[in-house]
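A quick write-up on the structure given underneath.
Read the figures in this text as sums done on the coordinates, not as results from a lab. Computed from a prediction, not measured in an experiment: that's the story for all the values here. Reconstructed Cβ throughout: ideal geometry from the backbone, glycine too, with neighbour counts over all protein chains shown.
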Amino acid sequence: MTLRLGTERLQLTEYLAPRGRPISDDIRPNDASFQHVAIIVSDMAAAYARLRAAGVRHASSAPQRLPDWNVSAGGIQAFYFRDPDGHFLEVLQFPPEKGLEQWHRREPLFLGIDHTAIVSTDTERSLSLYRDRLGMRVAGESDNYDVEQEHLNGIFGARLRITTLRAAFGPGIELLEYLAPRSGRSAPPDVAANDIVHWQTTLISAGIARLPDLARMHALMLVSPFAVSVEPSFRLSMLARDPDGHGLLFVEP
């Protein structure tokens, strides 16, 4: 099922058979398998009230306003919660001087999806894939810490190196490297596409034929043994994982 919010899409996949494993209840935002999408809102107080009325499961203690001393992120308001399957989601409101122009409208309440955020255990290694080989550009960097970040992530002593990547169009990819605490767990090596913890970010590319070469260079890991045609809107598709285990679905128009 494909859901649309603004101009962005989120695809839900239910495996009727075989059923995959549920998300572990003790997954933490600094675990390598962590991923979320950031939904931009025009009014954080109203969005939070709507979510509370729906009975969502908190992952943050409450919405947090990042401190003004943080030049890159100061004034941003954010809140983490979990969906019925345990996936993490974020609602986020940008102050007037930050974020894309499209995120400064006053309505509707939920405006669209700005990015997906993934934990990176080594930012430079991730950049060698996403920036140097896949051609994404670095659109922003931030060093986030302090009590607001602890309440947002639910991790005492959290300090993050955050790097935002963007392609020519579509939502960005945000790399979250936890400089502290370095206690996050590696992604399970046997995660399968039907496990609930599995996310996949769709990348439109004309270079699917080059993916085996990237795998030989250990830049990514192939899940699909070869390219197949399964997406009605695209000619070829291939599933891979980045060095931290995050799913990447490459589709060729």
So for the range 100-247, considering every pair of alpha-carbon atoms, how many percent are separated by more than 18 Å?
65
Counting only DSSP loop positions in the range 135-206, the trypsin sites (Lys or Arg not before Pro) whose Cβ has at most 12 other Cβ atoms within 10 Å are 182
Between residue 17 and residue 229, what length in nm is gained on full extension when 0.36 nm per residue of separation is reduced by their alpha carbon distance?
74.3 nm
Please identify every one of the trypsin sites (Lys or Arg not before Pro) in the range 42-108 that sits in a loop by DSSP and has no more than 12 other beta carbons within 10 Å of its own beta carbon.
105, 106
To the nearest 10 degrees, how steeply does helix 44-53 sit against the main Cα axis of the chain, on a 0 to 90 scale?
80
The answer for GluC sites (Glu not before Pro) in the range 146-253 that fall in a DSSP coil and have at most 10 neighbouring Cβ atoms within 10 Å is none
Length-normalised contact order of the range 1-135 in % [C-alpha pairs under 8 Å, at least 6 apart]:
33
Along the charge dipole of the chain, Cβ charges K/R +1 and D/E -1, which of 34, 201, 66 sits furthest on the positive end?
201
Looking at the chain, what % of its DSSP beta bridges pair antiparallel, to the nearest 5?
75
Tail fraction, Cα-Cα pairs, the range 2-180, threshold 22 Å, whole percent
46
